Amino acid sequence: MAQYAGRGVHGQTVEAIARRILTGEIAEGDTLNIAALQEELDVSLTALREALKVLSAKGIVDARQKRGTFVRPRDDWNLLDGDVIRWQFADGADPLLLDKLQEVRAIIEPAAARLAAARATAEDLTALDIALSGMADAHGDPAAAVEADLAFHRALLAATHNELLVRMEVVMKTGLAERDRLVHGRDADDDPVPSHRAVVDAIRAGDEGAAEAAMRELLAKAIRDVEKVRKVNR
C-alpha cells in the first residue's frame, strides 16, 4: 500500500487535497481552483500537478479540456485502495466506514480461516504462533498490540495460499488498525489471545468448520468491543 504522509511536499499536498475531498469540503463534481490551491498550500504548480496525478490514479479526480480538473463521483473512486481507506478515517470522514469494513471482514476472514485449516503449512503455523506471542507480550502497550494483531491477520490470509485473498490485506489492515487504535488500551483486563488462539488451534488441527466458527466468534467479539467504546463516548 502506497503511503504519502511524511514524504515531503508531495506527500503533504496529496494528503491535504485528498482529505478535503473525502470529507466533502470539496464535493463530488466540483472543479478545483488550481491557482487558489497552489497559493493556499504554498506549493509549486509542478508539485500540485504531481499530487493530482496520484489522486487521478486512485479514481478521485479527472481532468477535461475546458472543464479543468474536477472531483469524480464516489462510485468511480478506488475504495479498496489503502490510502483511500486511510484518508476516510481522517478528520471524521464517513463515520460508518468502520462498520463497512467489519462487514467485509465478516465475509472474508471466516472463509480464510476455513481455507487455512485445509492448506496451512508448518511455516504458516509458525507465523501465527509468533503473532500470538506478540499479542501476549504486548499487554499494556497499545501500539505493540496493534502490530501483533495486524501480524496475526496477515499471517491468516497468507495461510490460505490464495494470492487474491492475500491481496485483501491492503483493505483489511487499514480498517483493522483503526479499529485496534479505537479499542486497545480501553479495557486493561481484556485479553485478545484466547480468541485468536482458538482460531490457530483449529487451523493446526485441520478442522475447517471449527476454524471458521472460531473466526466468526472472534469477529463478533471485535464488534462488541467497538460498540462498548462507542457507548462510552456517547
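So that you can scan it fast, the table gives a plain yes or no per residue for (1) touching a residue at least 40 places away in the same chain (Cβ under 8 Å); (2) at positive phi; (3) open to solvent by 30 Å² or more (accessible area, probe 1.4 Å); (4) not aromatic (Phe, Trp, Tyr):
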site: Asp190; (1), (2), (3), (4): no, no, yes, yes
site: Pro194; (1), (2), (3), (4): no, no, yes, yes
site: Asp201; (1), (2), (3), (4): no, no, yes, yes
site: Glu208; (1), (2), (3), (4): yes, no, yes, yes
site: Ala220; (1), (2), (3), (4): no, no, yes, yes
site: Arg224; (1), (2), (3), (4): no, no, yes, yes
site: Val229; (1), (2), (3), (4): yes, no, no, yes
Every residue in the stretch 22-59 that is under 18 Å from Val84 (Cβ atoms), aliphatic (A, V, I, L, M) and part of a helix (DSSP H, G or I), please.
Leu22, Ala51, Leu52, Val54, Leu55, Ala57
Every residue from the stretch 118-152 that is open to solvent by less than 10 Å² (accessible area, probe 1.4 Å) and modelled with pLDDT of 95 or more
Leu128, Ala131, Phe152
Going through the stretch 131-158 in order, the residues found to be more than 13 Å from Lys173 (Cα to Cα), without any contact (Cβ under 8 Å) to a residue 24 or more places away in the chain and within 22 Å of the chain's Cα centre (by Cα) are Gly134, Ala138, Asp141, Ala143, Ala144
Any idea which residue in the stretch 28-86 is nearest to Met168 (Cα to Cα), counting only those that are aliphatic (A, V, I, L, M), touching a strand residue (DSSP E or B) at 6+ places or on another chain (Cβ under 7 Å) and open to solvent by 30 Å² or more (accessible area, probe 1.4 Å)?
Ala63
Can you confirm whether the stretch 49-61 contains a residue that is at positive phi, in contact (Cβ under 8 Å) with a residue 12 or more places away in the chain and outside the structural domain of Ile223 (by the TED database)?
yes
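The values are calculated or read from the model by the stated rules, or taken from the named source; none is laboratory data. What you are looking at is a predicted structure, and each value in this text was computed from that prediction instead of being measured. Methodologically, a virtual Cβ is constructed for each residue, glycine included, from the backbone with ideal geometry; neighbour enumeration extends over all protein chains shown. These accessible areas exclude ligands, DNA and RNA; they are computed on the full protein's heavy atoms, side chains included. Shrake-Rupley method; radii C 1.70, N 1.55, O 1.52, S 1.80 Å.
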